[in-house]
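Have a look at the structure below, then the notes.
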Amino acid sequence: MSWSSGWWGPALHSDQGDLRAMLDAFVAAHNPVLDDEPDAVAGLVTELAELGVWTLGTVESAGGGGAARDLTALALERLGRAWPALGWAAAQAHAAVDVLADDNRFADLVAQIHTGQASVAVADSVSSHVRLAFTGNTLTGSIDRVDAAAAQPYLLVLDGDDTALLVSPAAVTFTPLRRTGLGGALTRTADVDAAGDTLHELTGIDANAARNRLRLGAAAVAAGIAGAAADAAADYAADRRQFGNTLTAIPTVRQSLLYQATRSITTLGAALTAEDPVQTFAVAQQACDSAIQVAADALQSHGGYGYLAEYSAERRLRDAVSLRAAVDTQGGAVATARALVSLPPAPTALWKDVS
């Protein structure tokens, strides 16, 4: 494998190679810097949906692409290299389709998710971002941040092992939230006041499967950030000359580049192999932390130039930090620690007094 390969996973078979080539060509044809401009974000989402990428890994019976896990991870990794905000939003779209597809009430919404015309922000009741409770039959409260690459997404709140709530955008007041990275995420706070037709209860779902989907999606996106940062650092070091030779002639530089590559490889490998909730949480947490470390080291590899906006190093570090905050690995640790010792999920207020 060479630095120029741009892929730190196992050898790609034909379909995987074709997908990678298609996505790389798509990225090359678009602006690599994505701002929080709703129309521009929506346009990219629609194009990705038309390419069949947005919900590539959801089941064909629900209108998805039916792709295997490795192919889906490849797509999210490529999005992570280019636009991590869209990679994270696509992971949420996958989880939402998984939860909603078997419920006839949401057939139209699922179809709109596939085409990119509707967005769903998926949150977990155990997240530190979520502060929701019932008063009678009305769900009120707030979610500190949603990053669904849409100005007014639906909210899907996972609770326990087999329940969730779907909240219509009509019952939510969204307020733009400033953050350092994840350009295009259209990060919002969400103030909820939902009842009646704007609030739907889902039971008998596999909430843990949805959590696994989100965590592995986040890990793939984080692997993309790390891989792109490591590749950019190596390219810079190979071109930059100092004391009559390239930076790669310096042993300490080579060791730093190797460390960055190693972290990128192990991050992507873990995203492709984890299975149960404890494993997927560990992978997501480690991937997000590793992406930050690799991006920080890659910035240092650029020297003072790493802090300039015309180089991508500082943007990737900001993206990595923001992705970890959006995924909320700290909140997920609470529920996963209970699962590790076979305790049931902690009770929440989401289902109290629901008639």
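The values are calculated or read from the model by the stated rules, or taken from the named source; none is laboratory data. Source: prediction; values computed, not measured. Cβ coordinates were reconstructed from backbone atoms using ideal geometry, including for glycine residues, and neighbour counts include every protein chain displayed.
Identify the residue in region 122-158 that is over 13 Å from ALA194 (Cα atoms) and of a type in the set (S, T, N, Q) and, among all such residues, is modelled with the highest pLDDT.
GLN152
Please identify the pairs in which a residue from region 87-113 that is within 21 Å of VAL41 (Cβ to Cβ) has its Cβ atom under 8 Å from the Cβ atom of a residue that is outside any loop (DSSP other than H, G, I, E, B) and of a type in the set (Phe, Trp, Tyr), counting only partners at least 6 apart or on another chain.
So the pair list comes out as ALA96/TYR154; LEU109/TYR154.
Read through the list (1) under 30 Å from ALA309 (Cβ atoms); (2) out of contact with any Ser or Thr (no Cβ under 9 Å at 6 or more places or on another chain), then give the number of the only condition that THR140 fails.
(1)
For region 40-67, how many residues meet the condition of being on the phi > 0 side of the Ramachandran plot and touching an Asp or Glu at 6+ places or on another chain (Cβ under 7 Å)?
Let us first name the residues in region 40-67 that are on the phi > 0 side of the Ramachandran plot, namely 52, 63, 66.
Filter once more, so that each one left must be touching an Asp or Glu at 6+ places or on another chain (Cβ under 7 Å): 66.
Counting residues in region 40-67 that are on the phi > 0 side of the Ramachandran plot and touching an Asp or Glu at 6+ places or on another chain (Cβ under 7 Å) gives 1.
Return the residues of region 50-69 that are within 17 Å of the chain's Cα centre (by Cα) and of a type outside the set (Val, Ile, Thr); say none if nothing qualifies. Before the answer, list the steps.
Narrowing region 50-69 to residues within 17 Å of the chain's Cα centre (by Cα): 53-58, 69.
Within region 50-69, TRP54, LEU56, GLY57, ARG69 meet the criteria.
Output the residue which, of all residues in region 114-153 that are in contact with an Asp or Glu (Cβ under 7 Å, 6 or more places away or on another chain) and part of a loop (DSSP other than H, G, I, E, B), is surrounded by the most Cβ atoms within 10 Å (Cβ to Cβ).
SER125
Where residues in region 17-49 are closer than 24 Å to GLY66 by Cα and more than 20 Å from the chain's Cα centre (by Cα), which of them is surrounded by the fewest Cβ atoms within 10 Å (Cβ to Cβ)?
First, the residues of region 17-49 that are closer than 24 Å to GLY66 by Cα: 17-27, 42-49.
Now drop any that are not more than 20 Å from the chain's Cα centre (by Cα), which leaves 17-18, 21-22, 25.
Values: GLY17: 13, ASP18: 11, ALA21: 11, MET22: 15, ALA25: 9.
Here the answer is ALA25.
When the residues of region 176-186 are narrowed to those that are surrounded by fewer than 23 Cβ atoms within 10 Å (Cβ to Cβ) and either under 13 Å from GLN152 (Cβ atoms) or touching a strand residue (DSSP E or B) at 6+ places or on another chain (Cβ under 6 Å) (or both), which ends up modelled with the lowest pLDDT?
LEU177
Show the residue pairs that are 6+ apart or on different chains and have beta-carbon atoms under 8 Å apart, the first residue being within region 124-137 and charged (D, E, K, R), the second being modelled with pLDDT under 95 and in a loop (DSSP other than H, G, I, E, B).
ASP124/ASP328
In region 205-253, which residue that is among the hydrophobic types (A, V, I, L, M, F, W, C) and not in a helix (DSSP H, G or I) is farthest from the chain's Cα centre (by Cα)? Don't jump to the end; show me each part of the working.
Here is the first cut: in region 205-253, the ones among the hydrophobic types (A, V, I, L, M, F, W, C) are 205, 207, 209-210, 214, 216, 218-223, 225-226, 228-230, 232-234, 237-238, 243, 247, 249-250, 253.
If we keep only those that are not in a helix (DSSP H, G or I) too, we end up with 205, 243, 250.
Details: ILE205: 22, PHE243: 42, ILE250: 36 Å.
Among those residues, the one meeting the criterion is PHE243.
Among the residues of region 168-187, write down those that are of a type in the set (Val, Ile, Thr) and under 20 Å from LEU109 (Cβ atoms).
First pass over region 168-187, keeping only residues of a type in the set (Val, Ile, Thr): 172-173, 175, 180, 187.
Of everything in region 168-187, just one residue is of a type in the set (Val, Ile, Thr) and under 20 Å from LEU109 (Cβ atoms), namely VAL172.
Looking at region 1-113, what helices (runs of 4 or more DSSP H) fall wholly within it and have at least 1 residues that are farther than 30 Å from LEU317 by Cβ? Before the answer, list the steps.
Working: elements: 14-28, 38-50, 69-82, 84-100.
The qualifying helices (runs of 4 or more DSSP H) are 14-28, 38-50, 84-100.
Return the pair list, or none, for Cβ contacts closer than 6 Å from residues in region 294-319 that are surrounded by fewer than 20 Cβ atoms within 10 Å (Cβ to Cβ) to residues that are modelled with pLDDT of 90 or more, at least 6 apart or on different chains.
Short answer, once both residue conditions are applied: ALA296/LEU317.
Which of the residues spanning region 159-175 are at pLDDT 95 or above and assigned to a strand (DSSP E or B)?
Narrowing region 159-175 to residues at pLDDT 95 or above: 164-175.
Result: ALA164, LEU165, LEU166, VAL167, VAL172, THR173, PHE174, THR175.
Quick grid of which residues meet (1) modelled with pLDDT under 95; (2) not small (Gly, Ala, Ser):
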{"site": "ALA68", "(1), (2)": "yes, no"}
{"site": "ARG78", "(1), (2)": "no, yes"}
{"site": "GLY87", "(1), (2)": "no, no"}
{"site": "LEU109", "(1), (2)": "no, yes"}
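Go through the residues of region 243-259 one by one and say whether even a single one is in contact (Cβ under 8 Å) with a residue 40 or more places away in the chain and either assigned by TED's automatic domain parsing to the domain that holds TYR154 or within 16 Å of ARG316 (Cβ to Cβ) (or both).
Yes.
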